[in-house]
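Worksheet: one structure, shown below.
The values are calculated or read from the model by the stated rules, or taken from the named source; none is laboratory data. The structure presented is a predicted model; accordingly, all values stated were derived computationally and were not measured. Please note: Cβ atoms are built from the backbone with ideal geometry, for glycine as well, and neighbour counts cover all protein chains shown.
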Amino acid sequence: MTAALPSERPGRRRAAWVLALGLAAAGLSAAIALRQTPHQHTDLAGRGAPEFTLPLLRLDSGGPTQLRIGPQDLRGRPLLLHFWAPSCAPCVQELPRWQALWQREKDGQGLQILTVAGDESLDAIAFLRKHGYTFPTVHDATGLAHRAWGVDGIPFSAAISASGQVVGAVEGPLSEQGLADLARQAQAATASP
C-alpha cells in the first residue's frame, strides 16, 4: 500500500484550486479597474484636432441625415468630442452626465458637444431615443473617426479649443468632476491668448 503524495491529497488540491481561482479573479478585477480608470492622452495635446466628416443622426427622422459634420465644422467655439457605443457599459453609465452638460450649454454661445457613436448598425438611434438623449451625435459605422483620432478604447473624450487645437484627451469613463474639468480645459484654452 502506498501513501498519497502531499499534492494528491484532496484538501490540498481543493485549496490549490481555490487559490488559483482567487488569483484569477483578482487579476480580472484589476484589469477591469484599470480599463475603467480614465487616463490622459498627452500625445494629442497641442495638435490640431484630426478631421473627419460623418452623418449626423436625427432622432426624429429615424436615421442618418444627409448633413455631414465633423470637428472642423465647429471651430470658433470650444468643443468636447466624445466617442461611445451603446454596447459599452462604462459609456452608458456616463451618458447622463453628457446629456446634463448638453442641456446646460446648448442654447449658449460657449461650449459645443459632438458625440461619435461607434457601432456598425444604427442601434445608437434606438438607444438615444429610449433614454431621451438629445446631444448631437454622428454615426461612425466604419470606424473612420476612431482611426483618425487613434481611439483604441471607449469611452474616449477630447477637449478642443475654438481654434481647433486638442487641449486634453481622456480614455475611460469620466465622473461629473472629470467632465467638468475637461470642459474647463476647452474653455480656458479658448479664453487664453
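Can you confirm whether the range 136-157 contains a residue that is free of Cβ contacts under 8 Å to residues at least 60 places away in the same chain and within 20 Å of residue 180 (Cα to Cα)? Within the range 136-157, none of the residues are free of Cβ contacts under 8 Å to residues at least 60 places away in the same chain and within 20 Å of residue 180 (Cα to Cα). Restricted to the range 149-188, and to residues there that are hydroxyl-bearing (Ser, Thr, Tyr) and touching a Gly at 6+ places or on another chain (Cβ under 9 Å), the residue that is surrounded by the most Cβ atoms within 10 Å (Cβ to Cβ) is 157. Annotation: of all residues in the range 54-79 being modelled with pLDDT of 85 or more and in a loop (DSSP other than H, G, I, E, B), the one that is surrounded by the most Cβ atoms within 10 Å (Cβ to Cβ) is 78. Residues in the range 129-148 include at least one that is crowded, with 17+ Cβ neighbours inside 10 Å, touching a strand residue (DSSP E or B) at 6+ places or on another chain (Cβ under 6 Å) and part of a loop (DSSP other than H, G, I, E, B).
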